[in-house]
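The values are calculated or read from the model by the stated rules, or taken from the named source; none is laboratory data. What you see is a predicted model; the values in this text were computed from it and never measured. Neighbour counts run over all protein chains shown; Cβ positions are idealised from the backbone, glycine included.
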């Protein structure tokens, strides 16, 4: 019965999006054969603390807790009108009140298909947890920025699961200034991993063609069948994100973003940055690029 409700929820959110018949931003394009992206996001960035101090208000939530730091490596190979992604994610998780920590490591292989009217992604991978060096990485960062160390024991509870992933995006309105698309994504992890369903609206503003874009994502997410170890860190709720991508030079681009409630745990903010190398055109970072598991 529980999974029937989940399936019904997903269908209700996605079917109206699929039913739209307008052509979209995803017209057939030629892509570079290969590019590399490295990314990083954190809930306790230097920028957010400075803004809070400047205005003497808690504008950004900087708990430095829950899913606090993430690293991302992407290899992408393109052929004709589709491309393949190999994504690696490393997440540092802390639970200060419960006095434990764990690290999450995942690999996802994904295919992106551009039909000329919509953008479809699907694939799978693995997710596991344990003592993977997150404590040393986190406290090295804290030392660099004169932040107090976070000393927590690693949980003995282990997890290993297989993952499936699917996402779909299609335009519902566009003019010369903006494109608005409906989007939906879902994952499934065996063994009670943090699987989710998410649906939303994406607004894309091409500020400078092939040089600078600005993207806003607003949606709702629900993490389901989450085992007790992960329950505190992956929940549900409304979320939003804003991402800007700039092509700095031929073969080099950077993206900056901020999200709120990215993992459904409240108003927690994450700030991210990524760099993409190679590639012969602007390839903006999307919200679902940094939304796994």
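Has segment 146-155 got any residue that is at pLDDT 95 or above and part of a strand (DSSP E or B)?
Checked segment 146-155: at least one residue is at pLDDT 95 or above and part of a strand (DSSP E or B).
Considering each of 203, 184 in turn, give the residue that is free of Cβ contacts under 8 Å to residues at least 40 places away in the same chain and part of a strand (DSSP E or B). Spell out the reasoning first.
Working: 184 fails: free of Cβ contacts under 8 Å to residues at least 40 places away in the same chain.
Of the residues listed, the single one that is free of Cβ contacts under 8 Å to residues at least 40 places away in the same chain and part of a strand (DSSP E or B) is 203.
Among the residues of segment 235-276, write down those that are part of a loop (DSSP other than H, G, I, E, B), within 20 Å of residue 39 (Cβ to Cβ) and at pLDDT 90 or above.
First, pick out the residues of segment 235-276 that are part of a loop (DSSP other than H, G, I, E, B): 235, 250-251, 261-268.
Narrowing the set further to residues that are within 20 Å of residue 39 (Cβ to Cβ) leaves 251, 261-263, 268.
Selection gives 261, 262, 263.
So which residues in segment 101-114 are within 21 Å of residue 71 (Cβ to Cβ) and out of contact with any helix residue (DSSP H, G or I) (no Cβ under 7 Å at 6 or more places or on another chain), if there are any at all?
Just the residues of segment 101-114 that are within 21 Å of residue 71 (Cβ to Cβ), to begin with: 101-110.
The answer is 102, 104, 105, 106, 107, 108, 109, 110.
What number of residues within segment 142-164 satisfy the criterion of being over 30 Å from residue 202 (Cβ atoms), within 23 Å of the chain's Cα centre (by Cα) and surrounded by fewer than 15 Cβ atoms within 10 Å (Cβ to Cβ)? Steps first, answer last, please.
Here is the first cut: in segment 142-164, the residues over 30 Å from residue 202 (Cβ atoms) are 142-160.
Narrowing further to those that are within 23 Å of the chain's Cα centre (by Cα): 159-160.
When the remaining residues are screened for being surrounded by fewer than 15 Cβ atoms within 10 Å (Cβ to Cβ), the result is 160.
Here the count works out to 1.
Just the residues that are buried (at least 17 other Cβ atoms within 10 Å of the Cβ) and either modelled with pLDDT under 65 or part of a loop (DSSP other than H, G, I, E, B) (or both), please, taken from segment 34-87.
Answer for segment 34-87, where residues must be buried (at least 17 other Cβ atoms within 10 Å of the Cβ) and either modelled with pLDDT under 65 or part of a loop (DSSP other than H, G, I, E, B) (or both): 43, 44, 45, 48, 60, 61, 62, 64, 65.
Can you tell me which residue is farthest from residue 208 (Cα to Cα) among those in segment 171-181 that are part of a strand (DSSP E or B) and in contact with a strand residue (DSSP E or B) (Cβ under 6 Å, 6 or more places away or on another chain)? Give the steps one after another, and end with the answer.
Restricting attention to segment 171-181, the residues satisfying the condition of being part of a strand (DSSP E or B) are 171-174, 179-181.
Next, only the ones that are in contact with a strand residue (DSSP E or B) (Cβ under 6 Å, 6 or more places away or on another chain) stay: 171-173, 179-181.
Working: 171: 20, 172: 22, 173: 20, 179: 14, 180: 17, 181: 19 Å.
Only one residue tops the list, namely 172.
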